[in-house]
Amino acid sequence: MAYLVHDVDDAAVRRRIDFLVSEGFTVELGGFHRRSPVIDIAGWVRTVDLGRTRDAALGRRILIVLRHLMLPRSIRALCDSASVIVARNLEMLALAWRVRRPGQRLVYECLDIHRLMLGGGGKSRLLRWIERELLKRTDLVIVSSPAFAREYFERRQGRPDRVLLIENKVPRVPGRSASGDRILEKKSSGEYADRPFVIGWFGMLRCRRSLQELLTLADQLGGRIEIVIAGMPSPAEFPDFPAVVTGRANVRYLGAYRPAELAELYAGVDFVWAIDYFEEGLNSAWLLPNRLYEGLAHGAIPIALRAVETGRWLDQRQVGLLVDEASKEIPALVETMTHDQYMMMRVAIAALPEDALYQTEPECRSIIDAIAGYCHA
């Protein structure tokens, strides 16, 4: 497989490669980078550096893409011997189409819908037209939320079939499972007399409104709540993130973290902030974020908006803390929440079937078969 990505630094890219390799693919990676020089991932995936880009610098990305479209030698060398090309995001799909040979399978992985793809202006209409033309040439589209398939690809782009849902479920770790006992053992009733509830916001940090609401909650609720933040802030949205959060009462910023540290991070929180306003009413209304599955797998209760896809996912499974207006409702909910109410929410999480949070072996095999184009009688 040749895997073309918009950002090789993205932890989600590395998780996807881990999955593909574990299921039998030989993967070679090509992509842009944003923070550091490209190195071979873990020493066993050959990586081709296609250039450096920056958050929100769309013009620079377009220029780099055009350069590779006109001079595709490095991409062609990467993709030439592959039986499958997977292109993550629209610009990579254009590059994959440019070098695709007859007989090669082309898969489009689209895990976010950028606001430019949804506008009414000339640029947005042009990008949607380009995507529609490229979609005609793809064998499969991968999405991470049913709302992307339903609201965007079917209703707006006329692609109702050959769309594969791969949710952002937690990779299964040998010897560790989402057992009810492990989830329920985390907190005991004696802990609540003298400590605040803890809300964690982890992962890619790009939503300014979320940060403001969390800081306001910390100010309003005093010693009743603590906010713990960890992850990679978007430089475009937060030019100096540490300066904004350092020294704030009841707020701790832990910086970036490694995937191996996730279990420890979630062990220290009661709730996980699963609200996103970054592209409110559009992508944010449709996505199912990594932190939803990570939080539940580690026993943290997701806080989500009721009217978006994340809220619908939680409501269908009768778990989580759902609100309509977070800044207005959460203070009263925290002030009045008893230990019994909190434990009932944790009991509901413990009762979730493991296939809600982890990919089962049959699901993994069906994903690989779909990507490879295998058909079974």
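Roughly what angle does helix 339-350 make with the longest principal axis of the chain, taking Cα atoms, 0 to 90 degrees, to the nearest 10?
30 degrees
Given only helices, namely DSSP H runs of n ≥ 4 each adding -39500 (n - 2.57), what is the per-residue ellipticity at 222 nm of the chain, to the nearest 500 deg cm²/dmol?
-11000 deg cm²/dmol
Using Cα atoms only, what is the angle between the long axis of helix 90-99 and the major principal axis of the chain, expressed in degrees (0 to 90) to the nearest 10?
On a 0 to 90 degree scale, this one is about 20.
Work out, step by step, the length gained on full extension between residue 46 and residue 360: first 0.36 nm times the residue separation, then minus their alpha carbon distance; give nm to one decimal.
110.2 nm
Could you work out how far helix 361-372 tilts from the main Cα principal axis of the chain, as a 0 to 90 degree angle to the nearest 10?
Tilt of helix 361-372: around 30 degrees.
Lysine pairs in the chain with alpha-carbon atoms under 29 Å apart, 8 or more places apart or on different chains: how many are there?
6
For residue 236 and residue 132 in the same chain, what is the full-extension length gain: residue separation times 0.36 nm, less their Cα-Cα distance, in nm?
34.6 nm
Give me the number: length gained by fully extending residue 219 to residue 333, i.e. 0.36 nm times residue separation minus the C-alpha to C-alpha distance, one decimal in nm.
This chain segment gains 39.5 nm when fully extended.
Could you work out the relative contact order of the chain? I mean the mean sequence separation of Cα pairs under 8 Å and 6+ apart, divided by the number of residues, in percent.
Relative contact order of the chain: 14 percent.
How large, in percent, is the carbon and sulfur part of the accessible surface of segment 46-164 at a probe radius of 1.4 Å?
C and S atoms contribute 55 percent here.
Quick check for me: using +1 on Lys/Arg Cβ and -1 on Asp/Glu Cβ, what's the dipole size of the chain about its Cα centre, in debye to the nearest 20?
Here the chain has a charge dipole of around 1660 debye.
In segment 244-338, what percent of the accessible surface is made up of carbon and sulfur (1.4 Å probe, ligands and nucleic acids excluded)?
Percent of accessible area from carbon and sulfur atoms in segment 244-338: 51.
Given a 1.4 angstrom probe, what's the average accessible area per residue across segment 199-279, in square angstrom?
In whole numbers, segment 199-279 has 42 Å² accessible per residue.
Mind checking which of 116, 144, 97 is farthest towards the positive end of segment 89-173's charge dipole, using Cβ charges of +1 (Lys, Arg) and -1 (Asp, Glu) about the Cα centre?
Value: 97.
The values are calculated or read from the model by the stated rules, or taken from the named source; none is laboratory data. These numbers were taken from a predicted model, which means no experiment stands behind them. Quick reminder, even Gly has a Cβ in these numbers, built from the backbone with ideal geometry, and neighbours come from all protein chains shown. Just the protein is used for accessible areas: all its heavy atoms, side chains included, with ligands, DNA and RNA removed. Shrake-Rupley method; radii C 1.70, N 1.55, O 1.52, S 1.80 Å.
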